[in-house]
Amino acid sequence: MEEEKAPDFDFDQWSQLAQHEPEKFEAMRQQMIDDLIAQAPSHLKQRMNGLQWQVDQIRKQANNPMAACLQISQKMWANVLGENGLLKVLQEPKEILKTLENAPTAKVLSFERPKPDK
């Protein structure tokens with residue numbers, strides 16, 4: 001299976017666009033987000049749209065871009081390190097494997113089928 005390459009991202013170009021044409025920047029930013037979500041597997045799209053909505057709300061309510069960035073970053077880290085976060089989920093397979101290793105074993109018995117009466 002061939003991996004799809006991410007489009008080249010020119011930070012300087014995007015930065016210039018944000019400074020000089022903020023409306024165009026915002027439209028292009030939104031289009032990139034929409035394109036990314038559209039490429040996602042269907043079972044993830046609703047969750048991705050929900051997360052993007054949360055990010056957009058943080059950006060709207062923040063006093064400035066730096067405050068928004070900090071709040072979004074804190075939210076991300078809470079989802080990684082917090083209760084039921086990514087780190088815990090990634091560690092769960094270890095717990096499952098430990099349980100399986102300590103599970104009692106049993107010998108599987110084979111039984112012959114009864115012969116039909118003639």
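Just so you know, all these numbers are worked out from the coordinates, no wet-lab data involved. Computed from a predicted structure; not experimentally measured. Ideal geometry is used to build each Cβ from the backbone, glycine not excepted, and the neighbour counts take in all protein chains shown.
Positive end of the dipole of the chain, charges at C-beta (+1 Lys, Arg; -1 Asp, Glu), about the Cα centre: which of Gln61, Leu17, Ala27 has its Cα farthest in that direction?
Farthest along the dipole direction, towards plus: Gln61.
Based on Cβ point charges of +1 for Lys and Arg and -1 for Asp and Glu, what charge dipole magnitude is obtained for the chain about its Cα centre, in debye rounded to the nearest 20?
On the way: 15 positive and 18 negative charges, 185 e Å.
About 880 debye.
Lys and Arg at +1, Asp and Glu at -1: add these up for the other residues within a Cβ distance under 15 Å of Asp34 and post the number.
Result for the local shell: -1.
Rounded, prolate or oblate: pick one for the stretch 42-82, where a ≥ b ≥ c are the square roots of the eigenvalues of its C-alpha gyration tensor, a/c under 1.5 means rounded, and failing that, prolate if a/b is larger than b/c, else oblate. Intermediate values should be presented prior to the final figure.
On the way: a/c = 3.78, a/b = 1.44, b/c = 2.62.
In terms of gyration-tensor shape, oblate.
What's the angle, to the nearest 10 degrees (0 to 90), between helix 65-81's Cα axis and the longest principal axis of the chain?
10 degrees
Apply the a/c threshold of 1.5 to the C-alpha gyration tensor of the chain and tell me whether it is rounded, prolate or oblate. Mind showing how you got there, number by number?
Details: a/c = 3.73, a/b = 2.37, b/c = 1.58.
Taking the square roots of the gyration eigenvalues as a ≥ b ≥ c, the chain is prolate.
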